[in-house]
Structures are given as C-alpha cells and as structure tokens.
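Taking it in order: structure first as structure tokens, then the write-up.
The values are calculated or read from the model by the stated rules, or taken from the named source; none is laboratory data. Fair warning: this is a prediction, and the values are worked out from it, not measured in the lab. Note: ideal-geometry Cβ built from the backbone for every residue, glycine included; neighbour counts use all protein chains shown.
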Amino acid sequence: MKHLLKLADLSREEILSILNLADQLKYERKQGIFKDYLKGKKLGMIFQKSSTRTRVSFEVGMYELGGNALFLSNRDLQIGRGEPVQDTARVLSRYLDAIMIRTFAQSEVEDLAKYGSIPVINGLTDYCHPCQVLADLMTIREKKGTFKGLKLCFIGDGNNMANSLMVGAVRTGMSFAIACPEGYEPDAQLMAWAKENGSFTLTRSVQEAAADADIVYTDVWASMGQEEEKAKREKAFAGYQVNDAAMAAAKPDAMVLHCLPAHRGEEITAEVFEAHADEIFEEAENRLHAQKAVLCKVMK
C-alpha cells in the first residue's frame, strides 16, 4: 500500500488488513502499550480546509507511534501563493516521510502522489473522505461483529462522505441505500460501479432508504465551501433528517453514525443524536486508531 488517495483504490483484503491493525493499535493503547512503530518518521500535514478531528488524530497518532507531525496551513506554504503542486511535492519529498493533505480538489491529492516520491494520505477532498470511512467501518464491525448481511443507509447530501461510504459498504459486502433530493446525488461513476459490484439503492424516500437498516448515517447539509448555499440547501433537504420517524423504519437495534460536526435540528434531531452519542463518539475516537493503522501501512 503506497498511498491512500481514495477508498476505491483499496481491495477488500487491504481494507480488512487496515481494520485489523487498527483494532490491534486500539487494544494496545487501552492497555497503555505504545510502541515506536514509526520512530524517527516525519509526517507533513497540509491543511487547506480547517479541521478538528483530522488534525488532532493525525498529530496524536504520529506522536504515539514515535514519529513527528508538522502542521502546514495553506497560509504557511508557497502552495497558497501559487507554487505548483508538483514543485511542492518534490520539495516536501526531500524533507518528509509522508504527506497528509486536507483540501478541495481530488486532483491536488493525486498530483502530490504523482510528482512526489513519498506516501500521500487523503485527509479529505470534495470528492471523498477515505480516512473517515475506515473509522466508520471499524466502528460498525466493533458494534455489529461483522459486515455480512448488513444494510447501511445514508440520508442527506450525496457528498464526499456518501461517495466513500458507498465504496466502503460495497467493498465489505454490505448493502448501501441513499436517500437524497434530486440534484444532490453521489458521483455518477461511483453509483454505476456500486450497482455492478454490490447492492445499491438510490431513492428520494427517507423511509425506503431506512427500511430495515442496520446503520443509519448522515452528514451536514452544507459542507465547507458551500456556506453561500446554506439557505438553498436547507430548503432542498427539508425532510431529509435522521429523526424518530426515520429510525422507526430502521431495525430496532440500528446504530447511528455521523462524521461530525453535527448540526442538531437540521440533518439530525438532538434526541436521536444523544440517544446514539456513544456510537458517534466511539466513531470519532476510531479516527485515531484507523489513521494510525494507515500511517503504519504506508510508512511500513
């Protein structure tokens, strides 16, 4: 495993290998065992989008693995002043052992990997969010014990989260259903791939998507960079909420996941959020363990 650019690049076996290592690292941490798996290694973290979980989990993860992490904001790098990404990639490759980048365009992540000579990890783009979904899959397997026969339902915007969750569900053998308004569907090529390779449903009905679901997932209606669309999106997504009615359609023991931050009263009610807070914050913690596993895999 050279890079983590998007989840679709990984096979089922590679995903399970990451999850197994994440489970091991989580167990070791709970026991107070910290091994210098990445002693002396240096991770550069490029942030063109702000972050809470991504920054803290990667920084803490590198520290716990015996390495170092450097926070590089868009304001601090020449890339923010127009230096070509290929030049940045070739320079940073001479200083660092790996790069994690959180940005807008997927092409920027791909170019870093193309022109650099060190591993690149996608910390989020507008297209996908592989690190989050690895943590989600880890949480699902912890709570449900398996992926086989499970139904994952996503309610809301067909955004980067929906794109990656779709891939993660199909790769691990779960069925995937999404309820979203017209014009807010996931990536068309990914939907075609999901239909060919697994069980995939696109519907406008929250009740249909949530019917007999084992996992109900949602995300904010307006992501970073879409703030000017907030009013338009609030109107479009009215009714696409994880609430008591949606949960009544799901299985009685259905779990709820949210990648955070959550806007209570919009994509999810405060009551449903708090009822499933243990699952949601375990999911947030698992960002640390899943990303530590990815760091170990790409940096050997």
Any residue that is within 20 Å of Pro119 (Cβ to Cβ), part of a helix (DSSP H, G or I) and touching a residue at least 24 places away in the same chain (Cβ under 8 Å) - is there at least one of those in region 22-43?
yes
By residue number, the members of region 166-183 that are assigned to a loop (DSSP other than H, G, I, E, B) and within 13 Å of Leu16 (Cα to Cα) are Gly173
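Considering only region 122-148, state which residues are more than 16 Å from the chain's Cα centre (by Cα) and not in a helix (DSSP H, G or I). Write out each step before concluding.
Our first condition is that a residue be more than 16 Å from the chain's Cα centre (by Cα); within region 122-148, this holds for 142-148.
Within region 122-148, Gly145, Thr146, Phe147, Lys148 qualify.
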Please go through region 26-42 and pick out each residue that is touching a Gly at 6+ places or on another chain (Cβ under 9 Å) and among the hydrophobic types (A, V, I, L, M, F, W, C).
Phe34, Leu38
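Check Ile121, Ile101, Ile46 and return the single one that is closer than 25 Å to Tyr27 by Cβ, in contact with a strand residue (DSSP E or B) (Cβ under 7 Å, 6 or more places away or on another chain), in contact (Cβ under 8 Å) with a residue 24 or more places away in the chain and aliphatic (A, V, I, L, M). I'd like the intermediate steps shown before the answer.
Details: Ile101 fails: closer than 25 Å to Tyr27 by Cβ; Ile46 fails: closer than 25 Å to Tyr27 by Cβ.
Criteria check complete, one pass: Ile121.
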Got at least one residue in region 185-202 being buried (at least 24 other Cβ atoms within 10 Å of the Cβ), within 21 Å of Phe104 (Cβ to Cβ) and among the charged types (D, E, K, R)?
no
Matching option when the condition is in contact with a helix residue (DSSP H, G or I) (Cβ under 7 Å, 6 or more places away or on another chain), over 13 Å from Gln291 (Cα atoms) and of a type outside the set (D, E, K, R), among Phe34, Phe58
Phe34
Matching residues in region 270-286 (free of Cβ contacts under 8 Å to residues at least 40 places away in the same chain and either closer than 15 Å to Phe154 by Cα or assigned to a helix (DSSP H, G or I) (or both)) number 11
Would you tally the residues in region 254-268 being more than 13 Å from Leu152 (Cα to Cα) and either touching a residue at least 24 places away in the same chain (Cβ under 8 Å) or assigned to a helix (DSSP H, G or I) (or both)?
8
Conditions (1) farther than 25 Å from Ile18 by Cβ; (2) buried (at least 16 other Cβ atoms within 10 Å of the Cβ) -> Asn163 fails only (1)
Looking at the structure I just gave you, is Ala245 in contact (Cβ under 8 Å) with a residue 40 or more places away in the chain and small (Gly, Ala, Ser)?
no
Quickly run through region 44-81 and pick out the residues that are assigned to a helix (DSSP H, G or I) and of a type in the set (Gly, Ala, Ser).
Ser57, Gly61, Gly80
Starting from residues that are out of contact with any Ser or Thr (no Cβ under 7 Å at 6 or more places or on another chain) and among the hydroxyl-bearing types (Ser, Thr, Tyr), keep the ones in region 122-139 and report whichever is nearest to Thr103 (Cα to Cα).
Tyr127
Are any of the residues in region 124-145 surrounded by fewer than 24 Cβ atoms within 10 Å (Cβ to Cβ) and on the phi > 0 side of the Ramachandran plot?
yes
Regarding Lys251, is this residue within 20 Å of Leu165 (Cα to Cα) and touching a Lys or Arg at 6+ places or on another chain (Cβ under 9 Å)?
yes
Would you confirm whether or not region 197-214 contains a residue that is part of a loop (DSSP other than H, G, I, E, B), in contact with a Lys or Arg (Cβ under 7 Å, 6 or more places away or on another chain), of a type in the set (A, V, I, L, M, F, W, C) and touching a residue at least 24 places away in the same chain (Cβ under 8 Å)?
yes
Limited to region 19-51, what total is found for residues that are at pLDDT 95 or above and within 14 Å of the chain's Cα centre (by Cα)?
1
Number of the exception - Ala246 against (1) closer than 30 Å to Gly66 by Cβ; (2) in a helix (DSSP H, G or I):
(1)
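What are the residues in region 218-229 that are surrounded by 13 or more Cβ atoms within 10 Å (Cβ to Cβ) and part of a helix (DSSP H, G or I), if any? Spell out how you get there, then give the answer.
Going through region 218-229, the residues surrounded by 13 or more Cβ atoms within 10 Å (Cβ to Cβ) turn out to be 218-224, 226, 229.
Residue satisfying the conditions is Glu229 alone.
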